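To start, the structure under review is shown below, and the notes come after it.
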């Protein structure tokens, strides 16, 4: 298939990346969603209880899907090869970020709907709160991965932060991940904004590093 | 010396520095550097010393019945089948069986219980459930409970009293509650082993003094703090973070294309793999040993005249924490060698996440056989719960030996895989990659 140099084949790039780079991550994220109901009750829950599976389990799909955004180019040979192409790597990273965040949001929404069908008192706000958690944790992984040039290291800070939330609880204030369990929703706005900021920083740093190389 | 070289290589790497920073942050967040704010106090006569659970039938039976009635009337039962909270809603037929159990306990007619408490008329359609409990349920002077709600009072003017029947034997009560637990799928507060949770009595001065003396004589004070440190360190950092070191360093040879070169070296697979494993374990344990001592030393000067065990942190580091580090690194090395991918991070991450959450119900002393991070979350304010620790010490030893054993078995398997690869007999994840690429090729061909 021939493309004009002026046209940027967004859909084609997304499709190819989905097939070659994201399949394993998507499979792990789906597995996480499927395993969650086996471990924790997802039926007949009131609003605060319904937040637990969403915040404590399903939001981890963000780490699984967003952290490996830069992984393919962390292999030097692939990096050399893609650098020779006319497609901007930064734009490819942006496409990957958008579809990964989209898939994370979709999985969370599907999970929320499945909880609704099991007579849980879930609302769209709960789903949005879980998406904010997912973006925050995932972007933390993305940023670390960009800064260190190693995706595996990228998984470390989000998991540590998750552990800190279990250990420290509401002491984390506006960046507390499990606030919806106690009926508080304001932290989600901060988590969402911080998530977007870290995502932008990761993409910007990756671009900067590329230019400086 | 190869071991020293490997250790140097690890401690100079960026992942190791991040690992150390993460360990410090994780432990700092748990307050292990502020143990001096949590000091043992000798109980004085006339004070309050906390509570303990005891199997007191007169206390357990009405309290458990009250909870079961509340949950029955709401048809919303809270259980912990494998540690996580689960809300169970019973089908109508199972609610009827539950009513039979309640009938056995209270001596009231099953149909009446169904109608009065759960708002179900047997055989009628369009049943309804209304919420009682809380304000609606009140204890009367005889240890029974009366249910009062506007709706019910409209239906029946007299209040219905529920109480454990006078001739109820505790053994029979436990049996009936066990049946209720089975009906709920297990893991409820009505399980035979959990009923003791309803029996709470205050500790006497003598008991509190005995616990204090045990903390001094058996734990020698520092042992209690070392155990609390191990509880935090195991669950927060050491059951998960070492896997990152193993995976990152395991994949480094592949990243820098050194794999084939190392295969040609004279060093045997067993020696190389084991030395690398040992180097990783030593490197991961170094900051832990250091921090455990810094944390423990904070309280040394607060106990003048008491014989302290200055080796306690070291004993707990090796006895309690080392097996967690060993298994975490072994899983990292084994899966990285086997698949050539960082899948070990996902595997260990999931195990750790479930282990952490499963532990929520058993943080006082949870040493189940397959626990990745044993829990004993008891500080000086609860006199370290030394007796609990001593009572379950055998379980802890079994768990730790099993984890260390599995870790060594995985390392043995890693050596075998490495040796096979060196001989060109095993291509790691070649089969997996081949399968995936054939699927992709097929798709590409069909699109062409």
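Quick notes
- When A:164, A:128, A:147, A:159 are checked against the criterion of being within 12 Å of chain B (Cβ to nearest Cβ) and more than 19 Å from residue B:245 (Cα to Cα), a single residue qualifies: A:164.
- Residue match in region B:81-103 (condition: within 14 Å of chain A (Cβ to nearest Cβ), closer than 24 Å to residue A:163 by Cα, without any contact (Cβ under 8 Å) to a residue 24 or more places away in the chain and within 28 Å of the chain's Cα centre (by Cα)): yes
- All positions within region A:185-213 that are outside any helix (DSSP H, G or I) and modelled with pLDDT of 90 or more: A:185
- Helices (runs of 4 or more DSSP H) contained in region A:9-112 and holding at least 1 residues away from chain B (no Cβ under 14 Å): A:10-17, A:61-66, A:76-83
- Qualifying residue in region A:71-90 (condition: under 13 Å from the mean Cα position of the chain (by Cα) and either crowded, with 16+ Cβ neighbours inside 10 Å or touching a residue at least 12 places away in the same chain (Cβ under 8 Å) (or both)): no
- In region B:389-427, the qualifying residues are those that are over 17 Å from the mean Cα position of the chain (by Cα) and not in a helix (DSSP H, G or I), and the one that is surrounded by the most Cβ atoms within 10 Å (Cβ to Cβ) is B:426.
- Looking only at residues in region B:1-32 that are within 14 Å of chain A (Cβ to nearest Cβ) and in a loop (DSSP other than H, G, I, E, B), the one that is farthest from residue B:204 (Cα to Cα) is B:13.
- Elements of the type helices (runs of 4 or more DSSP H) sitting completely within region B:300-385 and holding at least 2 residues that are within 22 Å of the chain's Cα centre (by Cα), within 14 Å of chain A (Cβ to nearest Cβ) and surrounded by fewer than 23 Cβ atoms within 10 Å (Cβ to Cβ): these cover B:343-358.
- Helices (runs of 4 or more DSSP H) fully within region B:214-268 that include at least 2 residues being more than 23 Å from residue B:293 (Cα to Cα) and at pLDDT below 95: B:241-255, B:259-263.
The values are calculated or read from the model by the stated rules, or taken from the named source; none is laboratory data. Quick caveat: nothing in here was measured; it's all calculated off a predicted structure. Every residue, glycine as well, gets a Cβ built from its backbone with ideal geometry; the counts of neighbours run over all protein chains shown.
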